[in-house]
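First comes the structure, then the notes that go with it.
The values are calculated or read from the model by the stated rules, or taken from the named source; none is laboratory data. Remember, it's a predicted structure, so these values are computed and weren't measured experimentally. Here the Cβ positions follow ideal geometry from the backbone for every residue, glycine too, while neighbour counts run over all protein chains shown. All accessible areas refer to the heavy atoms of the entire protein, side chains included, with ligands and DNA or RNA removed. Shrake-Rupley method; radii C 1.70, N 1.55, O 1.52, S 1.80 Å.
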Amino acid sequence: MPIYLYWGDDDFSLLQAVERLRSAVVDPSWDSFNSDRIVSDQANSIVMGLNQAMTPPFGLGGRFVWLADTPLMQQCSTEVYQELERTLPAIPDTTTLLLTSANKPDKRLKSTKFLEDQIRKSKGELREFSRIKPWETDKLQQQVRTLASERGVKLTPNGIDLLAELVGNDIRQLYNELEKLQLFSVNTRQPLSVEDISRLVQSNTQNSLKLASCIKAGQTSEALELIADLLLHNEPALKIVATLVSQFRTWLWIKLMMETGVRDKVEIAKTAEIGNPNRVFFLQKEVQTPTIGQFQQSLPLLLQLEAHLKRGGDELSTLQIHIIELCRLFQRG
């Protein structure tokens, strides 16, 4: 009865791992009988999943039960916890139980501790699927190098660097772009050059970071051009806002640390949730001109923008109005 727990915000890689696990467990001929996906918005979804996990498979192969987007690692009632204690140790060897969540498991919960213990005992796996941070260039380049090699796409060293810069941490786009490059390189044995990649690959993530820099510099016209370009390339407005919120939050923390006299780069990196302390030096240079008040005021404006979009506001006009307001904020001396 192997039990698996997958979590993280890299939903594309997570779903690929789910499919690999399901394919390894379920016989294709009996898939409709032995594969269950139970989503969290169903009533009593956890109890329903546990009941399914206790059911022997039909025909050949094993049974695969997937509790998708389960809140079990963030909250767990006494009744559900008692059901976990009763059911998990008794799940038959023919069942593979998978739980997935976008959020990190809360290790303070009894349910999380019990799940981790059962995962170890069942020889299952607890695995994180988190996006690489946009500024972790070494990891992004290694990711491009690894996936390009798996796909048989030959790239020059400069080509690897450029593709990592253009795609950023969007692994779904990276897969799509590598598929495109693979088709392009069918008739050539030479590694694809920077020129080839520039013609074929579009950048959205890095443009969102450029948008943040334009706002910080008060460059209204450049910011509006970037918004139009991002939407033209089908970048979701909420994803643009998420990148802006993350970037301005990081800048605020860096500025706050500088204002309070903190000098230890490791401490600053830990507080601002920056993976590489060496990046702190460059961030400090980026926040020298704006005031801490400007960064503090930017976050409520971005949250207003997010709220208007979630209420169904037109993406282009809503972004334009709020980005103009943000640029004006940073134009004030």
*Would you mind stating whether THR146 is surrounded by fewer than 20 Cβ atoms within 10 Å (Cβ to Cβ), among the polar types (S, T, N, Q) and not in a loop (DSSP other than H, G, I, E, B)?*
yes
*Determine if the stretch 126-148 includes at least one residue that is among the β-branched types (Val, Ile, Thr) and more than 18 Å from the chain's Cα centre (by Cα).*
yes
*Could you give me the residue pairs with C-beta distances under 6 Å whose first residue belongs to the stretch 93-117 and is outside the structural domain of ASP31 (by the TED database) and within 15 Å of THR70 (Cα to Cα), whose second residue is open to solvent by less than 10 Å² (accessible area, probe 1.4 Å) and not small (Gly, Ala, Ser) wherever it lies, and which are 6+ apart or on separate chains?*
none
_Residues (modelled with pLDDT of 90 or more and among the hydrophobic types (A, V, I, L, M, F, W, C)) located in the stretch 260-319_ = VAL287, ILE292, PHE295, LEU299, LEU301, LEU302, LEU303, LEU305, ALA307, LEU309, LEU316, LEU319
_ASN234 being part of a loop (DSSP other than H, G, I, E, B) and either in contact with a His (Cβ under 8 Å, 6 or more places away or on another chain) or not assigned by the TED database to the domain that holds GLU306 (or both)_ = no
*Hey, can you tell me all the residues within the stretch 281-316 that are of a type in the set (S, T, N, Q) and open to solvent by less than 50 Å² (accessible area, probe 1.4 Å)?*
GLN284, GLN294, SER298
*Is one or more of the residues making up the stretch 160-182 in contact with a helix residue (DSSP H, G or I) (Cβ under 6 Å, 6 or more places away or on another chain), more than 28 Å from GLY8 (Cβ to Cβ), open to solvent by 60 Å² or more (accessible area, probe 1.4 Å) and at pLDDT 85 or above?*
no
*Out of all the residues in the stretch 53-68, which are under 23 Å from GLN16 (Cβ atoms) and out of contact with any helix residue (DSSP H, G or I) (no Cβ under 8 Å at 6 or more places or on another chain)?*
ALA68
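Table: residues versus (1) more than 16 Å from SER130 (Cα to Cα); (2) surrounded by 15 or more Cβ atoms within 10 Å (Cβ to Cβ); (3) at pLDDT 95 or above.
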site	(1), (2), (3)
GLY8	no, yes, no
ARG20	yes, no, no
TRP30	yes, yes, no
ASN34	yes, yes, no
ILE38	yes, yes, no
ASP41	yes, no, no
SER45	yes, yes, no
MET48	yes, yes, no
GLN52	yes, yes, no
*Just one of the numbered conditions (1) of a type in the set (Asp, Glu); (2) assigned to a helix (DSSP H, G or I); (3) in contact with a Ser or Thr (Cβ under 8 Å, 6 or more places away or on another chain) is not true of GLU273; which one?*
(2)
*If you take the residues in the stretch 83-117 that are among the polar types (S, T, N, Q) and modelled with pLDDT of 90 or more, which one is surrounded by the fewest Cβ atoms within 10 Å (Cβ to Cβ)?*
THR94
*asked:* Among (1) in a helix (DSSP H, G or I); (2) within 18 Å of the chain's Cα centre (by Cα), there is one condition GLN118 misses while meeting the rest; what is its number?
replied: (2)
*Give the stretch 218-250 a look and list any residue that's more than 23 Å from GLU177 (Cβ to Cβ), among the small types (Gly, Ala, Ser) and open to solvent by less than 60 Å² (accessible area, probe 1.4 Å), or say none.*
GLY218, ALA223
*Residue ID - nearest to PRO236 (Cα to Cα), chosen from residues in the stretch 195-204 that are surrounded by 16 or more Cβ atoms within 10 Å (Cβ to Cβ) and modelled with pLDDT of 80 or more*: VAL201
